[in-house]
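Single-structure report; data block below.
The values are calculated or read from the model by the stated rules, or taken from the named source; none is laboratory data. Everything quoted here is computed from the prediction, not taken from an experiment. Every residue, glycine among them, receives a Cβ derived from its backbone with ideal geometry; neighbour counts consider all protein chains shown. Just so you know, the surface numbers come from the protein's heavy atoms only, side chains and all, with ligands and any DNA or RNA stripped out. Shrake-Rupley method; radii C 1.70, N 1.55, O 1.52, S 1.80 Å.
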Amino acid sequence: MLMFDDLNMLPLMNEEIEYLPLVSIEEDGQDEELASKEFIPILPLRNTILFPGVVIPITVGRERSVSAVKKAYEEDKYIGVLTQKQPEVEVPNMEDLNTTGTIARIMKLLKMPDGSTTIIIHGKDRFYLEELLEIDPHLRGKISVLDEQESPTDNEFKAMIASMKDLAEQIIHLSPGIPTEASVILKNIDKAEFLIHFISSNLKIKNQEKQALLEISDIKERAHWVLKYLNTELQLLELKNQIQTKVRSDLDKQQRDYFLNQQLKTIQEELHGDGSNDEMDKLRARAVKQVWPQRAKERFDKELNRIKRLNPAVPEYSMALNYIELLLELPWDKVSKDGFDLKKAAKILEKDHYGLEKVKKRILEYLAVLKLKGDMKSPILCFVGPPGVGKTSLGKSIAKALKREFVRMSLGGLHDESEIRGHRKTYIGAMPGRIIQSIRKVASSNPVFILDEIDKVGANFRGDPSSALLEVLDPEQNSTFYDNYLEVEYDLSKVLFIATANSLSNMHPALRDRMEIITISGYSLEEKLEIAKKHLVPKQRVEHGLNGKQIRLNKAVLSKTIDEYTRESGVRQLDRTIAALMRATAKSVAMEEAYNINLNTKDVERILGLKKYDKDIYKDDNPPGVAIGLAWTQTGGDILFIESSLYKGKGQLKLTGNLGDVMKESATTALSFIRSNATLLEVDPVVFDENDFHIHVPEGGIPKDGPSAGITILSALCSVITKRKIKPFLAMTGEITLRGKVLPVGGIKEKILAAKRAGLNTIILSSINQRDVEQINPDFIKGLQFHYVKNMMQVVELALN
C-alpha cells in the first residue's frame, strides 16, 4: 500500500534505528567539492532510502557503521549512504549493496544515554559505487558523482508537478495520521526536483521501488513514476474512507474503554464505595490544614480537579498524584524557631571547632541582627580553604547553634542543570530539583543548607548548573525561586546557604560575586595540638571502644605525630594517624596483651613505622643556585626548591619541571633584570653571552604555575652567576617586575605555616604583605624572622652570603 508516513513518527528499523524523512532542505546547484569526490566512507542502511535534499536522523548500531561515521565526521563530514539488497546481511559486500546511493553530510553526531550513536544526515548528490575498496575497519568505496539533470521548462512537466502537489494535498487531507503541517511544507517547496525527492522519501512503497526511483536519471521519468504511485495511493485512501463511513457508528477502542471504566466505577461504588473519591477527600482534608501561599493553593485545586477526571489506570494519574503530594509536603511557611541565646550559640560554636574566629563572629552577628529585627534575608556565605579544615562540619555546628534543620548537598562533579532546577513534568520519571527535594525532606523553609564543593561544579550539553545556582544564591531573586517540576515560585530567602570551596579560581565570576567569601586558613602546629586534644583524640577513643584509662596521648606524642607523619593544612590525615594509634591499643586490650597506657615517641615509631616527612632536607647546605620558595596549593602551603645552573652556551634559558606560562615569564623577567643590572650586581656581562642558563623545579610530575616564585627564581640565578650560596633556613615568596619591584602575593598564612613545618626560620616577603602577617596569631609564628622588601636589590642583599 502506498501512503505518506506520519512526519512526526520516528519508527525503529532493525539494528540501525533508521528514521523516515523529517524535512526537505533546498539548495542551489551541485556542490563543486562533491563533484570531484572519488573515495568516501560507506554507510549501509537496512530499510531506508535517502534522497538528495532530505534530512533524516539515524541511530547507528553496527561497529563498521559507527567507525565509518566517526571517520567521515573527523574528515569532511561527507559519507556515502547505500541501501542493502537484503536487510538481514550483517557485513555487506559489493554484491549485497545497491550501487546507486546518496552522498550525505553529517549535520550532527550525538552520543545517546544508552551508549548508542545517533547522526542527523542531509542528502546531497546521487553517486554510483564503482568499487568497494575496504571492509575493515569500515566500508570505503570508489565512487563517481552522478550529474543531476536540470528541470524541464515545458508545460507538460509543469502540469505534472502541479498534479503531484494536488494529489499529495488530497492524501494529507484524507490521512488522519499525517499532520496538517505537511501541507505547509509542500507549499513552501518551489523547486521541482526537491518536491519529487521529498514525496519519494515519504511514499510508503517497497524499498526496491524507492531504489528504482533514486536510480532514474531522467527527472521527467522520475516525476511520472511518483505521480503514478500517488494516484494509486489516493484511490486506496478513498476506498478506505468509504468503508469507514459505513461503520462509523461503532465505538472505537478509546470510547469502549471509557464506557467500560465508567461501568466498573459504578459497580465499585455499589459494592464498597469509591476508593478514588476517598483518596481525593483525604488530600483535600490535608490541604485545609496546610498553610501556604495563594498561588500554591490555586495550583493544588486545579490539579485536584484535573486528577478527578483521569482514569486511575493511565500513567498520567500517578504522575499527577505525585505532584499533588509534593505540593502538600513542602513546608511553604513552616520554619524552625531560631535560638536567640547568643551566649549559648557562641559556646556551641566554640565547643565544636577550635579557632575560626572570623566565621564564629560572622554567625553571631547574623544571629544578633535577626534577634533585633525579627526578620531578615539570610546571608549567602562561602567558606574557602584547604581540605580538612572543618568547612562542612562547621555548617552542622551553625545549624545546632541556630536550632535549625541541617541539609548538605554535594555539588562535586554535578553537570546537569536539572539537578538544581528539576525536570519538566512532561518527561517520564520527572522529579523536582535537589534544592526542593532537600527542603521537602527536612520539612522546614529555613534550614542551614550546605552547598559542598561548589568550585567543582561542571558544565556540559545538559546545561550549566553554575548558572542555575545564580538564582538560588541571589538574595534579591531566591524569594521567587522557580523549579521546573514544581511550576510554582518557592521562597528560599529564609534558607541560610553556606557554600564550601577549596579554591575561587574555578568558580563562576557571577556566582562568586553573589557570596560573602570567608577564608579559612590552614592550621598551625599549636592549633592542631589543641584540635587533637579537644576533638580528635576523644572522638577516636570513643569510636574504638576505649576510655581515658586505657590510652593517653601527651603533647610530645601528638607533636611527633603531626611533624613526622602528617603534612597538611587540615587535620584529616592527623585524624587517620591517631586512629591507627587507637587501633593498635584496641588490639592489645582485646587480646589482653601488655602495653604502655601512656604512649611515648618510641611507641609511635613502633606503631606507625618510620617517619614519613623529614625536615632535614630543607637544612642541607645547598650549593650556589639553589633557593627555597613558598607555594600555595589547594591543599595548603608547600615548600618549593628552585635549582639553577649555567654552562657553556649562547645565552639561552632552559626551563624544566612542568612549569606554567606565568612561571616561565617570571624566569625570563628575572634573567632580563640581572642582565640589565649586571654592573650593580658585580656580574661580568660576558657571562650572559658565553653561557646557557637552566632552571629546574623538582617534582616534575606536578604542574606548577603562578607569579609568587619570582624572587626565588631571581635569587637562584644571582646565586649561580655570582657563585654565592643562599643563606640557610631561608625561604621567600613574591612577584617581580622588570623594574625590580617586589609585588605582594596571596596565601601568606598557608605559606608561612608551611615554612615553619619545614623548620625554616627566615622569610622574605613583599613589604605590602606585612599586613597579612600581622593578622596571624603571634604565637603561631614565634621563632620566625621576617624581612619585608620593596625591590630586588634588597632581596639579593638579604638572600646571598
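Annotations for the structure displayed:
- In segment 499-521, of all residues being over 20 Å from the mean Cα position of the chain (by Cα) and within 27 Å of Asp333 (Cα to Cα), the one that is least open to solvent (accessible area, probe 1.4 Å) corresponds to Met515.
- Residue check for Asn446: outside any helix (DSSP H, G or I) and at pLDDT 85 or above: yes
- Taken as a whole, the structure leaves Thr117 outside the set of residues that are of a type in the set (Val, Ile, Thr) and either under 27 Å from Ile219 (Cβ atoms) or more than 39 Å from the chain's Cα centre (by Cα) (or both).
- Filter pass, Pro176 being in a loop (DSSP other than H, G, I, E, B), over 22 Å from Asn47 (Cβ atoms), open to solvent by 60 Å² or more (accessible area, probe 1.4 Å) and not hydrophobic (A, V, I, L, M, F, W, C): yes
- Candidate set: segment 179-214, residues that are open to solvent by 60 Å² or more (accessible area, probe 1.4 Å) and of a type in the set (S, T, N, Q); chosen: the one modelled with the highest pLDDT: Gln208
- Being open to solvent by 40 Å² or more (accessible area, probe 1.4 Å), assigned to a helix (DSSP H, G or I) and either over 23 Å from Glu215 (Cβ atoms) or touching a residue at least 24 places away in the same chain (Cβ under 8 Å) (or both) is true of Gln170.
- Of the residues making up segment 592-606, one or more are outside any loop (DSSP other than H, G, I, E, B), farther than 27 Å from Ala754 by Cα, open to solvent by 70 Å² or more (accessible area, probe 1.4 Å) and touching a Lys or Arg at 6+ places or on another chain (Cβ under 7 Å).
- Only listed residue being open to solvent by 90 Å² or more (accessible area, probe 1.4 Å), over 25 Å from Asp483 (Cβ atoms), in a helix (DSSP H, G or I) and modelled with pLDDT of 85 or more, chosen from Gln242, Gln254, Gln235: Gln235
- Scanning segment 371-386 for residues that are buried (at least 16 other Cβ atoms within 10 Å of the Cβ) and either assigned to a helix (DSSP H, G or I) or touching a Ser or Thr at 6+ places or on another chain (Cβ under 6 Å) (or both) gives Phe383, Val384, Pro386.
- Verdict on Thr633 being touching a Leu at 6+ places or on another chain (Cβ under 6 Å), closer than 19 Å to Thr712 by Cα, surrounded by 13 or more Cβ atoms within 10 Å (Cβ to Cβ) and among the polar types (S, T, N, Q): no
- Cβ pairs under 9 Å, 6+ apart, first in segment 212-240 and more than 26 Å from Phe127 (Cβ to Cβ), second among the aromatic types (Phe, Trp, Tyr): Glu233/Phe4
- Residue among Ser410, Ser418 that is at pLDDT below 85 and either in contact with a Gly (Cβ under 8 Å, 6 or more places away or on another chain) or small (Gly, Ala, Ser) (or both): Ser418
- Residue match in segment 177-190 (condition: among the basic types (Lys, Arg), without any contact (Cβ under 8 Å) to a residue 24 or more places away in the chain and closer than 17 Å to Thr100 by Cβ): no
- Considering residues of segment 307-318 that are assigned to a helix (DSSP H, G or I) and open to solvent by less than 70 Å² (accessible area, probe 1.4 Å) only, the residue nearest to Ala430 (Cα to Cα): Ser318
- Scanning segment 387-415 for residues being buried (at least 16 other Cβ atoms within 10 Å of the Cβ), out of contact with any helix residue (DSSP H, G or I) (no Cβ under 7 Å at 6 or more places or on another chain) and in a loop (DSSP other than H, G, I, E, B) gives a total of 3.
- Number of positions in segment 565-574 that are assigned to a helix (DSSP H, G or I) and open to solvent by less than 30 Å² (accessible area, probe 1.4 Å): 2
- Listed by position, the strands (runs of 3 or more DSSP E) contained in segment 699-801 that have at least 1 residues being polar (S, T, N, Q) are 762-766, 785-789.
- Test: Leu581 is touching a strand residue (DSSP E or B) at 6+ places or on another chain (Cβ under 6 Å), hydrophobic (A, V, I, L, M, F, W, C) and touching a residue at least 24 places away in the same chain (Cβ under 8 Å): no
- Boolean, Ala499 is among the small types (Gly, Ala, Ser) and in a helix (DSSP H, G or I): no
- Residues in segment 677-718 that are surrounded by 13 or more Cβ atoms within 10 Å (Cβ to Cβ), more than 46 Å from the chain's Cα centre (by Cα) and within 14 Å of Gly740 (Cα to Cα): Asn677, Ala678, Leu681.
- Note on segment 761-793: residues that are among the polar types (S, T, N, Q), modelled with pLDDT of 90 or more and either open to solvent by 70 Å² or more (accessible area, probe 1.4 Å) or farther than 15 Å from Ile726 by Cβ (or both) amount to 6.
- Of all residues in segment 58-82, those satisfying the criterion of being outside any helix (DSSP H, G or I), open to solvent by less than 50 Å² (accessible area, probe 1.4 Å) and either modelled with pLDDT under 90 or more than 10 Å from Ile42 (Cα to Cα) (or both) are Ile58, Thr59, Val60, Gly61, Arg62, Asp76.
- Unique residue being of a type in the set (Ser, Thr, Tyr) and closer than 30 Å to Thr245 by Cα when the list is Ser116, Ser144, Ser151, Ser183: Ser183
- Residue selected from segment 522-564 under the condition among the small types (Gly, Ala, Ser) and open to solvent by less than 30 Å² (accessible area, probe 1.4 Å), by the criterion farthest from Phe383 (Cα to Cα): Ser559
- Of the residues in segment 329-337, not one is assigned to a loop (DSSP other than H, G, I, E, B), open to solvent by less than 60 Å² (accessible area, probe 1.4 Å) and β-branched (Val, Ile, Thr).
- Residue count for segment 608-628 satisfying the condition of being at pLDDT 85 or above and crowded, with 17+ Cβ neighbours inside 10 Å: 6.
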